[in-house]
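Notes follow once the structure below has been shown.
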Number of protein chains: 2
Amino acid sequence: MKKNKNIILIKKPENKLTPNCFSLVEEKLNLPRAGELLIKVKLLSIDAANRAWIQGATYRSAVSAGTVMPAYGIGEVISSNSNRFAEGDLVIGELNWAEYATKPDKFLTKVNKTTDLIDLLTYAGIAGLTAYHGLMDISKIRENDTILISTAAGSVGMFACQIAKLTGCKVLGLSGSADKCEWVESKLGIDKCLNYKDPTLTKNLKEVCPNGFDVYFDNVGGSLLEKILYLMKMKGRVTCCGAISQYDVGSLTPPRNIPGIIITRRLKLEGFIVTDFYNKKNKALKILSNWHRSGALKVFIDKYSGLESAPEALINLLSGKNSGKTIVEL
Amino acid sequence: MKKNKNIILIKKPENKLTPNCFSLVEEKLNLPRAGELLIKVKLLSIDAANRAWIQGATYRSAVSAGTVMPAYGIGEVISSNSNRFAEGDLVIGELNWAEYATKPDKFLTKVNKTTDLIDLLTYAGIAGLTAYHGLMDISKIRENDTILISTAAGSVGMFACQIAKLTGCKVLGLSGSADKCEWVESKLGIDKCLNYKDPTLTKNLKEVCPNGFDVYFDNVGGSLLEKILYLMKMKGRVTCCGAISQYDVGSLTPPRNIPGIIITRRLKLEGFIVTDFYNKKNKALKILSNWHRSGALKVFIDKYSGLESAPEALINLLSGKNSGKTIVEL
């Protein structure tokens, strides 16, 4: 009987995620039951959200210790016990950190074989749509808004930076090192990227934007969010997209100025996830594709090779080592 | 030369406000300079916000130690050095905890002598308008919304409760004792009032509203806000009106689930203060007056007599001893 390599979350970390939280095991291949597919995994999307899933229930249930690590990805149907998919089909959806994943058909979507698979994990997938809907439908950005985007070099951040520029905003980014800030400015063409670790961050931001920000597109949460709230304009809009600072830690550091600053500065904080805008997806994809085709919306990826590299890829992402969308190719 | 009794904030409290933070002193009466009025104070509004002003800068600058305690109130012009007001006029605006206040004319408004002065400090003043605009323009309440209102027995809360009922909402209130909850239910006619100090609060709220809340009208902040965020419906709206739990303490207790819960539950938190809706004030006053005239919107006051009672009135309000709007009559 055929074997399957799986990466199991063997224990939940108390603080930072470490390689020894995972173990590569060989198990027997589970054949698809009624309504299920056996999928050969080709590409895995590595996302900060994966760490949040380990921490606890989010918009999906928590990942339990002792189970295979789930991840969004693309694979090929090897064996189908579903009338919706045939052998040889490409599918996208929640797969596993594994060579093969056996999954119910209902959460998977068929991929057109002529599509560039990287596109589906970047601008035409969760990252691009999250940035687009977050800016257009939650932040409701307008030309000449001054917008600050955290994790500017990340998978969502890099698209948010470019989309905000394409919309005519003044765009500032935050990233975690001088090198990454330089990368963001040169590759994404925003007005300025600043190192959020700099102890003079508040002063530096005030120098570039003395009147503060209309919009903060927040992927970080925590004490950085606390700092930025003081820099918002009156009636500023904070788009709550993620909280990477809070996923990989033992104890939380909530912004201490909430709700006080929300009142005195009349702020609006609003959260979303990408699937909330399913009914606007096609329109968004058309716009994103046009921008990409014209060269205005660029894609940068940070690619790892081989299933074994998945833990390292996630750990590096959580410590801010990536520039662009992190992907594991099997 | 005539003397004036003032209550001075002699020191800022490290934790709870205490009577010995204040001192009643007699000083010489300041005569009005150009553009100023000398006002005999008649009624003082005692508000949780007064405590926030002591703590630090809010929507107004902080009250410094060694200065007279400011407060919203109504008084009579004794001497005018302004062409906008004459002796004998009644004025409303920021006065002082004092027998007489000398103030620039620009922040004061003339009061029609036929108006009931208590009305101007209750439903037709800051409390009523704050509740109205908070519900109508920020929470945007609709018929059949399920709404939770904290400090339900307080000056803003009591109007918020009644306005939400008049709009056709299912209304739950929170208050700090069984007696006050009973007072809220019987006087304000809401569906249920629960004691927020009850250790089984979450369970109790779930029993009454198993599907959660569309709107939370929050006057409290802190760990109560943290609890309620978990009880909001998907896309719930949190109207940030005040944070009384955070004004009278040495260290803050911010909600630890922000921004995580905002994202996973797609919440919107929005802050405001009453003056943001100055252009909608007249329409609001007309509606509030009609409700009041018809008997549908009731006014309850918690009245203290004499300037000397102002510190006690504020301290009692901060510890939740009031039911209704706290006023000091001089």
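The values are calculated or read from the model by the stated rules, or taken from the named source; none is laboratory data. Only a predicted model underlies this, so the values are computations on that prediction, with no experimental measurement involved. Here the Cβ positions follow ideal geometry from the backbone for every residue, glycine too, while neighbour counts run over all protein chains shown. All accessible areas refer to the heavy atoms of the entire protein, side chains included, with ligands and DNA or RNA removed. Shrake-Rupley method; radii C 1.70, N 1.55, O 1.52, S 1.80 Å.
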Practice prompt. Would you tally the residues in the stretch A:175-228 being under 21 Å from B:Pro259 (Cα atoms), polar (S, T, N, Q) and open to solvent by 10 Å² or more (accessible area, probe 1.4 Å)?
Written response: 3
Worksheet item: Could we say that A:Ala101 is touching a residue at least 60 places away in the same chain (Cβ under 8 Å) and either among the hydrophobic types (A, V, I, L, M, F, W, C) or in a helix (DSSP H, G or I) (or both) here?
Response: yes
Worksheet item: What is the residue count in the stretch A:229-244 for residues that are within 9 Å of chain B (Cβ to nearest Cβ) and either open to solvent by less than 20 Å² (accessible area, probe 1.4 Å) or within 18 Å of the chain's Cα centre (by Cα) (or both)?
Response: 5
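Table: residues versus (1) among the β-branched types (Val, Ile, Thr); (2) over 30 Å from B:Glu14 (Cβ atoms); (3) open to solvent by less than 30 Å² (accessible area, probe 1.4 Å).
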{"residue": "B:Ile78", "(1), (2), (3)": "yes, yes, no"}
{"residue": "B:Ile92", "(1), (2), (3)": "yes, yes, yes"}
{"residue": "B:Trp97", "(1), (2), (3)": "no, no, yes"}
{"residue": "B:Asp105", "(1), (2), (3)": "no, yes, yes"}
{"residue": "B:Leu108", "(1), (2), (3)": "no, yes, yes"}
{"residue": "B:Ala131", "(1), (2), (3)": "no, yes, yes"}
Worksheet item: Looking at this structure, is A:Leu31 open to solvent by less than 10 Å² (accessible area, probe 1.4 Å) and either farther than 17 Å from A:Asp248 by Cα or under 22 Å from the mean Cα position of the chain (by Cα) (or both)?
Response: no
Response to the item:
Across (1) free of Cβ contacts under 8 Å to residues at least 60 places away in the same chain; (2) within 14 Å of another protein chain (Cβ to nearest Cβ); (3) not polar (S, T, N, Q), A:Phe217 clears everything bar (1)
Worksheet item: What is the number of the single condition among (1) within 19 Å of the chain's Cα centre (by Cα); (2) open to solvent by 30 Å² or more (accessible area, probe 1.4 Å); (3) not assigned by TED's automatic domain parsing to the domain that holds A:Gly168 that A:Met136 does not meet?
Response: (3)
Discussion item. Residue pairs, Cβ under 7 Å, 6 or more apart or interchain, first in the stretch A:133-161 and free of Cβ contacts under 8 Å to residues at least 40 places away in the same chain, second crowded, with 24+ Cβ neighbours inside 10 Å and among the acidic types (Asp, Glu). List them.
Written reply: none
Worksheet item: Can you tell me which residues in the stretch B:277-298 are open to solvent by less than 40 Å² (accessible area, probe 1.4 Å) and closer than 20 Å to B:Asp47 by Cα?
Response: B:Phe277
Worksheet item: Of all residues in the stretch A:47-76, which are open to solvent by 20 Å² or more (accessible area, probe 1.4 Å), charged (D, E, K, R) and closer than 18 Å to A:Glu312 by Cα?
Response: A:Asp47
Worksheet item: Quick one: A:Cys193 ticks every box in (1) within 11 Å of chain B (Cβ to nearest Cβ); (2) part of a strand (DSSP E or B); (3) among the hydrophobic types (A, V, I, L, M, F, W, C); (4) touching a strand residue (DSSP E or B) at 6+ places or on another chain (Cβ under 7 Å) bar one, so which box is it?
Response: (1)
Fill in: Number of positions in the stretch A:305-330 that are at negative phi and open to solvent by less than 40 Å² (accessible area, probe 1.4 Å)
16
Worksheet entry | Candidate set from the stretch B:245-271 (those that are among the β-branched types (Val, Ile, Thr) and surrounded by fewer than 23 Cβ atoms within 10 Å (Cβ to Cβ)); member that is farthest from the other protein chains (Cβ to nearest Cβ) | B:Val249
Worksheet item: Could you list, in sequence order, the residues of the stretch B:139-153 that are surrounded by fewer than 21 Cβ atoms within 10 Å (Cβ to Cβ) and out of contact with any Gly (no Cβ under 9 Å at 6 or more places or on another chain)?
Response: B:Lys140
Worksheet, complete the sentence: Given (1) surrounded by fewer than 20 Cβ atoms within 10 Å (Cβ to Cβ); (2) outside any strand (DSSP E or B); (3) among the polar types (S, T, N, Q), B:Ser23 misses just (2)
Item to complete: Only residues that are farther than 16 Å from B:Ala49 by Cα and in contact with a strand residue (DSSP E or B) (Cβ under 8 Å, 6 or more places away or on another chain): list them for the stretch B:69-83, please.
Response: B:Ile74, B:Gly75, B:Glu76, B:Val77, B:Ile78, B:Ser79, B:Ser80, B:Asn81, B:Ser82
Worksheet item: Within the stretch A:112-128, which residues are open to solvent by less than 10 Å² (accessible area, probe 1.4 Å) and in contact with a helix residue (DSSP H, G or I) (Cβ under 7 Å, 6 or more places away or on another chain)?
Response: A:Thr122, A:Ala127, A:Gly128
